[in-house]
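One structure is given here, and the rest of the page talks about it.
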Amino acid sequence: MYDYLIVGSGLFGAVFARQATDAGKKVLVIDKRPNIAGNVYTEKIEGIHVHKYGAHIFHTNMEHVWNYVNKFATFNRFTNSPVANYKGELYSLPFNMYTFNKMWGVVTPEEAAAKIEEQKKEAGITEPKNLEEQAISLVGTDIYEKLIKGYTQKQWGRPCTELPAFIIKRLPVRLTFDNNYFNALYQGIPVGGYTKMVENMLDGIEVRLNTDYLENKAELDALADKVIYTGPIDAYYDFKLGTLEYRSVRFENEILDKPNFQGNAAVNYTDAETPWTRIIEHKWFEFGKDDEGNDIPKTIISREYSSEWKPGDEPYYPVNDEKNGKLYEQYKELADKEEKVRFGGRLGEYKYYDMDAVIDSALKFAEKEL
Ligand SMILES: Cc1cc2nc3c(=O)[nH]c(=O)nc-3n(C[C@H](O)[C@H](O)[C@H](O)COP(=O)(O)OP(=O)(O)OC[C@H]3O[C@@H](n4cnc5c(N)ncnc54)[C@H](O)[C@@H]3O)c2cc1C
């Protein structure tokens, strides 16, 4: 009945479905969730597009990907400029002249550079033995103590002295007043939310939600010549070689009866005592900032907590260590032998993909496959 059964309506599945349909193939997209769009799903609550599976900011240097997504959405000019809150002191991120001015009162780039050098020298670290020493040797003590130490400790659930130095290879320091977090040529958030963008990608394509492929495999396989599977690769093989691990995040959402909670989309809490790592205020992802945002009398915030992942939890970030890498390779060997099924996307390839990278990967895959 179908040329392709596409398991998963996230970006990989939706892009492949669009390309295959445009190439004249008949496709069916299924998803076990009650909604399309996978992890970029946004839900409109109180007039605000809430990023349900974590804040998503589109940024890319790939012109073809930028042109592609612009066929399905208009992007606003959102620029990611997070703020750090250290015990009530606010600092601009990533580290830039605003940060250094606030930290030390320095005014010129020379003064900021000299201050960092002075602190690095004072610490006298030549061969960093752990993350703490590595960070201090890169940016000095003050920035480490106020902006790195507590946040990193919360993220990894361990003190920085017990984390390996290699986690931080470099720490970008900007001696300019540029607080644009990403170094990408193109950046923004789709107007109307990501769900709308994926809906446009899937325009005219048959989609069945609340349909778990693995629970109805034989029946669903019989519907199509080929299967594009974007779910977890270990789940496909019923975890027979073992379970791939993920790093997890827990979100606590709250609707507040005020138009403006923190005045910025992302505020990182960099002290060790505050239990959450950051607070996202979703309305500030939308273009219009103050005027339009304040027209909506309510606001929605998400507190993010690092949490230990256990099998059955939502898989977020693949753990790129040796153990999981080896296990993935074993699953991939099995996957490569499949005749009818192809694996793609962040779960199918057990790989952290930014949105632009997963779109690029789906486009390349479609080009080869079709
Ligand atoms: C917390 C977080 C924040 C992020 N922020 C950014 C950001 O700011 N910028 C950026 O560029 N990228 C960001 N990303 C990356 C982005 O989320 C991914 O690039 C993108 O979601 C990958 O799409 P995908 O289609 O591969 O996977 P997914 O979106 O996970 O889609 C897979 C789909 O398959 C479905 N599925 C799985 N198993 C089955 C089954 N058995 N039957 C039926 N359906 C099934 C799932 O329900 C899901 O809908 C972030 C990722 C995380 C985890």
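The values are calculated or read from the model by the stated rules, or taken from the named source; none is laboratory data. Since we're looking at a predicted model, the values are computed, not measured. As a convention, Cβ positions derive from the backbone with ideal geometry for all residues, glycine included, and neighbour counts pool all protein chains shown. Accessible surface areas use protein heavy atoms only, side chains included; no ligands, DNA or RNA. Shrake-Rupley method; radii C 1.70, N 1.55, O 1.52, S 1.80 Å.
Candidates in the stretch 28-54 are the residues that are among the acidic types (Asp, Glu) and assigned to a loop (DSSP other than H, G, I, E, B); of these, the one that is modelled with the highest pLDDT is ASP31.
Only one of the numbered conditions (1) within 25 Å of the chain's Cα centre (by Cα); (2) within 16 Å of the ligand (Cβ to nearest atom); (3) modelled with pLDDT of 95 or more is not met by ASP221, and that is (1). For the stretch 26-42, the condition holds for at least one residue, the condition being that it is within 9 Å of the ligand (Cβ to nearest atom), in the same structural domain as GLY345 (by TED's automatic domain parsing), open to solvent by 50 Å² or more (accessible area, probe 1.4 Å) and out of contact with any helix residue (DSSP H, G or I) (no Cβ under 6 Å at 6 or more places or on another chain). Only one of the numbered conditions (1) within 12 Å of the ligand (Cβ to nearest atom); (2) open to solvent by 40 Å² or more (accessible area, probe 1.4 Å); (3) in contact with a Phe, Trp or Tyr (Cβ under 7 Å, 6 or more places away or on another chain) is violated by ARG77, and that is (1).
Can you confirm whether LYS298 is surrounded by 14 or more Cβ atoms within 10 Å (Cβ to Cβ), more than 19 Å from the chain's Cα centre (by Cα) and not assigned by TED's automatic domain parsing to the domain that holds HIS56? So LYS298 fits the description; yes.
Screening VAL249 on (1) within 13 Å of the ligand (Cβ to nearest atom); (2) assigned by TED's automatic domain parsing to the domain that holds LYS326 shows it passes everything except condition (2). Within the set LEU244, LEU220, the sole residue that is open to solvent by less than 20 Å² (accessible area, probe 1.4 Å), assigned to a helix (DSSP H, G or I) and either within 26 Å of LEU334 (Cβ to Cβ) or in contact with an Asp or Glu (Cβ under 7 Å, 6 or more places away or on another chain) (or both) turns out to be LEU220. For LYS340, the criteria (1) under 27 Å from LYS146 (Cβ atoms); (2) modelled with pLDDT of 95 or more hold in every case but one, which is (1). Restricting attention to the stretch 113-159 and to residues that are among the aromatic types (Phe, Trp, Tyr) and open to solvent by less than 60 Å² (accessible area, probe 1.4 Å), the residue that is nearest to ASN85 (Cα to Cα) turns out to be TYR151. Can you confirm whether VAL106 is more than 13 Å from the ligand (Cβ to nearest atom), of a type in the set (A, V, I, L, M, F, W, C), in contact with a helix residue (DSSP H, G or I) (Cβ under 6 Å, 6 or more places away or on another chain) and under 27 Å from THR211 (Cα atoms)? Spelling it out, it is not the case that VAL106 is more than 13 Å from the ligand (Cβ to nearest atom), of a type in the set (A, V, I, L, M, F, W, C), in contact with a helix residue (DSSP H, G or I) (Cβ under 6 Å, 6 or more places away or on another chain) and under 27 Å from THR211 (Cα atoms).
Of the residues making up the stretch 187-203, those that are under 21 Å from GLU63 (Cβ atoms) and in contact with a His (Cβ under 7 Å, 6 or more places away or on another chain) number 2.
The number of residues in the stretch 224-241 being over 19 Å from LYS25 (Cα atoms), within 11 Å of the ligand (Cβ to nearest atom) and in a loop (DSSP other than H, G, I, E, B) comes to 2. Does any residue of the stretch 319-336 turn out to be modelled with pLDDT under 95, within 20 Å of the chain's Cα centre (by Cα), surrounded by 14 or more Cβ atoms within 10 Å (Cβ to Cβ) and closer than 30 Å to ALA272 by Cβ? Taking every residue of the stretch 319-336 in turn, at least one turns out to be modelled with pLDDT under 95, within 20 Å of the chain's Cα centre (by Cα), surrounded by 14 or more Cβ atoms within 10 Å (Cβ to Cβ) and closer than 30 Å to ALA272 by Cβ.
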